[in-house]
Structure formats: C-alpha cells, structure tokens
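Only one structure is covered here, and it is reproduced in the block below.
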Amino acid sequence: MKTPAFAFAGPPLNRHANERGKSLAFSALAAGYKTACVQCRGDLVLMENKLLSQAFPDDGRDLILLGEDASGCFWAAARADETDALVPVRSMMMDGTLDGATLSIIAQAKSLLHWHDTHGFCAKCGAATQMADLGYRRHCTACGADHFPRTDPVVIMAVRCGSKLLLGRQKSWSPGMYSALAGFMEPGETMEAAVAREVQEEAGVVVTSVRYVTTQPWPFPSSLMIGVIAEAVSETLTIDENELETARWFGLDELKLMLSDQHPEGLTASHPYAIAHAIVKQAVEEMGNALVP
C-alpha cells in the first residue's frame, strides 16, 4: 500500500478486530505485550524525548488496544494530570518531528479516547456505560444497548473550471492562506451530492462531476476527510460570507507559486500535512499536463 505524504495516514496497525471480543485470546497480550501507551489529555499527547511514552498507567484506567506492527503492540489511555511532557498534536503535525506511522497511531488513539470521554452514558436510557471489546464498544448494562465509535465524513474538494481552480479562505486562517472548500456530509447524502451542495452553498458554483482522489483521518476530534476533484460549469461566484471570508479562481501559474511558497503577494496553499494540499497539487499537475501539446 502506498503511504500518502500527509499527516495521520501512515501505515496502519494490525488492529486484531476479530479478536477484540475474545478476552482470553488477548489475556497474555494484555498482561505482558505492551510496547507503548498513547496517553492523551484533550489535544495533548504524553511524549518522552519525542517518542511515545513507554509508561502505562497503574491506577486502573481502562486501556484501549490500538494494534501491533513489527515493533510491538500499542495501547491508549486517558491522561488525567497535566505535565510538561504533554505536547499538542497539532504542533507535532506542523513541525514534522514525528514519522507518519507514529502520527497515524496518535490519530487513532486521540479519536477513540475522545469518543469514550463523551459517551460515558447511554444515549438510549441515560445509564452509565462500560468499555468493552478492548475499547471499540461501550455497553449499557441497564438496557443492553451497545454503542460504537463514530467517524464523521467530510468532503474536501478542489473545484476546477478549465485551467482555473477555486479556493477559499476563512477569517481564522493565517494571512494569505487559501485552501479547498470543505464541509460535513449530511445523513442520506452520497459523496457526490455533498460536494455539489457544499460548493453551491459556499460559493454559488454548480459542479457537474466529482472524482475521488484520496482520504485522510482527521482527529480533531474524529473525522475522515474525503478528497475529490470536481468540475464546475462556470466561474460565476456568489460567496456566503457566513461560511467564507472570500473565495476566488486561481490560474495555473499562480497556483504553482502558492504551492511552493513563492507567491509575490504572500499567498499560500494549505500546509503539506493536509489533504487539501495534496488534492490541489494533483489538480494543478493534471491541468498542467492538459495544456501540454
């Protein structure tokens, strides 16, 4: 499997999904086969010399099995106290201090721990729930309901019209940064329908075709970014200022300068850690190839 260059999409662990509900199958593993424990407190992770902590909590906190690779077995646990060794996930993602595999493990742990932190009570009857299946289920002993971790799908799209690409920006972003439009999928929607709706709502642009490119786990708190390239029928814009600060069409030469951080006006594309950078880059490459005689 080819590993994407962006964050959180590194080589996957063997999660042993078929064995999670068989406590005896993992009794020996749980007792002695522990390589590292990802301990999170919100968006912070416990690190030791830029490595995942080898320490495991001894206060009875539940452990979640993340899985194993050639280096060993990885677990996750909530971190109750604050220490200087807690490092923001975003800063590690931005500065490139961690390899893709480690970031992928952290993303899995953070998403699961957030789900457990926010689903301690049954959505059906309100009673307290208990962790089961080594962290991949919560069970309500009062009404018998089972609850499972969720991932929220988000579509993110590089919208093309001829040799131009539509990018937008939000007020909270760093000055000069433009990125692909994005939005959450709604119940009952296909990926294609969500792309068309979001582009129409945010920029007033009608798209005719949608082509899947790749995906990226996004653990803030737990989404799956679905990257696509879409084709628009025209360049006419009607911007929803509640969604975007601004949006505009960019030509091929300007896009290349933005991707390489060489734009004369200081305009930039998304950081390479993000799927938005990857789909914009691919769209630019395809548009460039199309212009070659």
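The values are calculated or read from the model by the stated rules, or taken from the named source; none is laboratory data. These numbers were taken from a predicted model, which means no experiment stands behind them. All Cβ positions, glycine included, derive from the backbone under ideal geometry; neighbour counts span all protein chains shown. The area values use the complete protein model at the heavy-atom level, side chains included, leaving out ligands, DNA and RNA. Shrake-Rupley method; radii C 1.70, N 1.55, O 1.52, S 1.80 Å.
Scan the range 267-280 and give yes if some residue there is surrounded by fewer than 15 Cβ atoms within 10 Å (Cβ to Cβ), over 23 Å from the mean Cα position of the chain (by Cα) and of a type outside the set (Lys, Arg), otherwise no. Checking the range 267-280: not a single residue is surrounded by fewer than 15 Cβ atoms within 10 Å (Cβ to Cβ), over 23 Å from the mean Cα position of the chain (by Cα) and of a type outside the set (Lys, Arg). Applying the set (1) within 28 Å of MET94 (Cβ to Cβ); (2) in contact (Cβ under 8 Å) with a residue 24 or more places away in the chain; (3) exposed (fewer than 15 other Cβ atoms within 10 Å of the Cβ) to ASP240 leaves exactly one unmet item: (1). Assess whether VAL199 counts as being aliphatic (A, V, I, L, M), closer than 13 Å to VAL159 by Cβ, modelled with pLDDT of 95 or more and surrounded by 15 or more Cβ atoms within 10 Å (Cβ to Cβ). Against the criterion (aliphatic (A, V, I, L, M), closer than 13 Å to VAL159 by Cβ, modelled with pLDDT of 95 or more and surrounded by 15 or more Cβ atoms within 10 Å (Cβ to Cβ)), VAL199 qualifies.
Would you pick out the residues in the range 245-266 that are open to solvent by less than 50 Å² (accessible area, probe 1.4 Å), in a helix (DSSP H, G or I) and of a type in the set (A, V, I, L, M, F, W, C)? Listed by number, the residues that qualify are LEU252, LEU255, MET258, LEU259. Can ARG150 be described as basic (Lys, Arg) and either under 14 Å from ALA203 (Cα atoms) or surrounded by 20 or more Cβ atoms within 10 Å (Cβ to Cβ) (or both)? Against the criterion (basic (Lys, Arg) and either under 14 Å from ALA203 (Cα atoms) or surrounded by 20 or more Cβ atoms within 10 Å (Cβ to Cβ) (or both)), ARG150 does not qualify.
Residues being on the phi > 0 side of the Ramachandran plot and surrounded by 13 or more Cβ atoms within 10 Å (Cβ to Cβ) are entirely absent from the range 96-106.
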